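Student: This is the structure I want to talk about, given as structure tokens.
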Amino acid sequence: MGENFLVDSHCHLDFPEYEGQVDAVVARARGAGVCVCVSIGTELKRFAGVRAIAEKFPDVWCCVGVHPHEAEKEFLDDARMLIGEAGHPKVVGIGETGLDYYYEHSPRMQQRKNFRAHIEAARQTRLPLIVHTRDADEDTIEILGKEMQQGGFTGLIHCFTGTQKLADAALALGLYISVSGIATFKNSGPLREVIKSVPLDRLLVETDAPFLSPVPNRGKTNEPAFVIHTAKLLAELKGVEPDELASTTTENFFRLFSKVQRPA
């Protein structure tokens, strides 16, 4: 299988926590063997900043989307704006999008409408969909299932914290499951049990940095280099050597994010 480097499939390098430090953060990631990072858009009004960071670093890529928290402020009537931005060579996915019924910072109806617009963009661009879902398993499963019947698309459930039912439904639709530092938390036993059931060839690793620093870095600002700790736990859960976990999750990443070029 491929090279034994890791990929951080989901981080937010444009966030204020990294102001003036992105060069150092990317360098530390590379030093830790994390050779590709995908920086995820959360608001269209801030997307130029996301894209600029991806343009600056050869092994940083980006995704365009409106986080469900922002659905009220950035309500999408259709997929056109997302599709337009996706033409850029460094834009490799659509999202993050989805449903968040835990915080409900935006009305559910607008979250659902935006989610469908992102799915249409993923379908038309053939780029993977990055799905955020929290306390919204039933509606997420229903929308993904109905939309898949309208025409296929690829994607992943990012920062997976859901139920066995959500994992099984996502896998049945051909989606991938991405694991964040939450899986390392002491009280995440039930989540670890679900992750154990996910086939190795459908797993990705991520940080969701600057949030959710994994053990042993809890309480610190998270960064892509720390994905190594999540990968270590994942190797233990799946009963494989760290090298095999790295090469498999990296191959999974390039299969899904086919627009990303492998690092030189």
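Student: Looking only at the range 219-237, which residues are out of contact with any strand residue (DSSP E or B) (no Cβ under 9 Å at 6 or more places or on another chain), among the acidic types (D, E) and open to solvent by less than 40 Å² (accessible area, probe 1.4 Å)?
Tutor: Result: no residue meets the conditions.
Student: Using the structure shown, decide if I195 is surrounded by 14 or more Cβ atoms within 10 Å (Cβ to Cβ) and within 14 Å of the chain's Cα centre (by Cα).
Tutor: Numbers: surrounded by 14 or more Cβ atoms within 10 Å (Cβ to Cβ): yes; within 14 Å of the chain's Cα centre (by Cα): no.
So I195 fails the test.
Student: P216 passes all but one of (1) touching a residue at least 24 places away in the same chain (Cβ under 8 Å); (2) surrounded by fewer than 17 Cβ atoms within 10 Å (Cβ to Cβ); (3) assigned to a loop (DSSP other than H, G, I, E, B); which number fails?
Tutor: So the condition that P216 fails would be (1).
Student: Considering only the range 50-70, I want to know if a residue exists there that is farther than 18 Å from P263 by Cα and acidic (D, E).
Tutor: Yes, there is a match, as at least one residue in the range 50-70 is farther than 18 Å from P263 by Cα and acidic (D, E).
Student: Got at least one residue in the range 239-258 being of a type in the set (D, E, K, R), surrounded by fewer than 21 Cβ atoms within 10 Å (Cβ to Cβ), in contact with a Lys or Arg (Cβ under 9 Å, 6 or more places away or on another chain) and free of Cβ contacts under 8 Å to residues at least 60 places away in the same chain? First the steps, then the outcome.
Tutor: Of the residues in the range 239-258, the ones of a type in the set (D, E, K, R) are 241, 243-244, 251, 255.
Then keep just the ones that are surrounded by fewer than 21 Cβ atoms within 10 Å (Cβ to Cβ); that gives 241, 243-244, 251, 255.
With in contact with a Lys or Arg (Cβ under 9 Å, 6 or more places away or on another chain) added as a condition, the list becomes 244.
Narrowing the set further to residues that are free of Cβ contacts under 8 Å to residues at least 60 places away in the same chain leaves none.
The answer is no, given that none of the residues of the range 239-258 is of a type in the set (D, E, K, R), surrounded by fewer than 21 Cβ atoms within 10 Å (Cβ to Cβ), in contact with a Lys or Arg (Cβ under 9 Å, 6 or more places away or on another chain) and free of Cβ contacts under 8 Å to residues at least 60 places away in the same chain.
Student: Return yes when R262 is under 19 Å from D59 (Cβ atoms) and open to solvent by 10 Å² or more (accessible area, probe 1.4 Å) and no when it is not.
Tutor: Yes: the conditions hold for R262.
Student: Is at least one residue of the range 223-239 assigned to a loop (DSSP other than H, G, I, E, B), at pLDDT 95 or above and in contact with a helix residue (DSSP H, G or I) (Cβ under 6 Å, 6 or more places away or on another chain)? Don't jump to the end; show me each part of the working.
Tutor: Keep residues of the range 223-239 that are assigned to a loop (DSSP other than H, G, I, E, B), which gives 223, 239.
If we keep only those that are at pLDDT 95 or above too, we end up with 223, 239.
Those left that are additionally in contact with a helix residue (DSSP H, G or I) (Cβ under 6 Å, 6 or more places away or on another chain): 223.
Yes, the range 223-239 contains at least one residue that is assigned to a loop (DSSP other than H, G, I, E, B), at pLDDT 95 or above and in contact with a helix residue (DSSP H, G or I) (Cβ under 6 Å, 6 or more places away or on another chain).
Student: Further question on the same structure: For the range 1-58: of the residues being in contact with a Pro (Cβ under 8 Å, 6 or more places away or on another chain), assigned to a strand (DSSP E or B) and not β-branched (V, I, T), which is surrounded by the fewest Cβ atoms within 10 Å (Cβ to Cβ)?
Tutor: For the range 1-58, the residue satisfying everything is C35.
Student: Filter the range 151-161 for residues that are within 16 Å of the chain's Cα centre (by Cα) and under 18 Å from I119 (Cβ atoms); which is surrounded by the fewest Cβ atoms within 10 Å (Cβ to Cβ)?
Tutor: By that ranking, first place goes to T154.
Student: Those residues that are at positive phi, in contact (Cβ under 8 Å) with a residue 12 or more places away in the chain and surrounded by fewer than 17 Cβ atoms within 10 Å (Cβ to Cβ), I need them from the range 98-149; list them, please. Full working, then the answer.
Tutor: Here is the first cut: in the range 98-149, the ones at positive phi are 98, 104, 126, 135.
If we keep only those that are in contact (Cβ under 8 Å) with a residue 12 or more places away in the chain too, we end up with 98, 126, 135.
Matches in the range 98-149: R126, D135.
Student: Of the residues E70, E55, E17, which is touching a residue at least 24 places away in the same chain (Cβ under 8 Å), out of contact with any helix residue (DSSP H, G or I) (no Cβ under 6 Å at 6 or more places or on another chain) and closer than 16 Å to Q111 by Cα? Even if it seems obvious, please write down each step before you answer.
Tutor: On the way: E55 fails: closer than 16 Å to Q111 by Cα; E17 fails: closer than 16 Å to Q111 by Cα.
From the options E70, E55, E17, the qualifying one is E70.
Student: Of the residues that make up the range 76-84, is at least one crowded, with 22+ Cβ neighbours inside 10 Å, closer than 30 Å to A29 by Cβ, of a type in the set (A, V, I, L, M, F, W, C) and at pLDDT 95 or above?
Tutor: Checking the range 76-84: at least one residue is crowded, with 22+ Cβ neighbours inside 10 Å, closer than 30 Å to A29 by Cβ, of a type in the set (A, V, I, L, M, F, W, C) and at pLDDT 95 or above.
Student: Now for a separate question. Return yes or no: is I40 in contact (Cβ under 8 Å) with a residue 60 or more places away in the chain and aliphatic (A, V, I, L, M)? Outline the logic, then answer.
Tutor: Numbers: in contact (Cβ under 8 Å) with a residue 60 or more places away in the chain: yes; aliphatic (A, V, I, L, M): yes.
Taking the combined requirement at face value, the residue satisfies it.
The values are calculated or read from the model by the stated rules, or taken from the named source; none is laboratory data. Predicted model only: the values in this text are computed from it and were never measured. Note that we place each Cβ from the backbone using ideal geometry, even for glycine, and neighbour counts take in every protein chain shown. Side chains included, ligands, DNA and RNA excluded: accessible areas come from the protein's heavy atoms. Shrake-Rupley method; radii C 1.70, N 1.55, O 1.52, S 1.80 Å.
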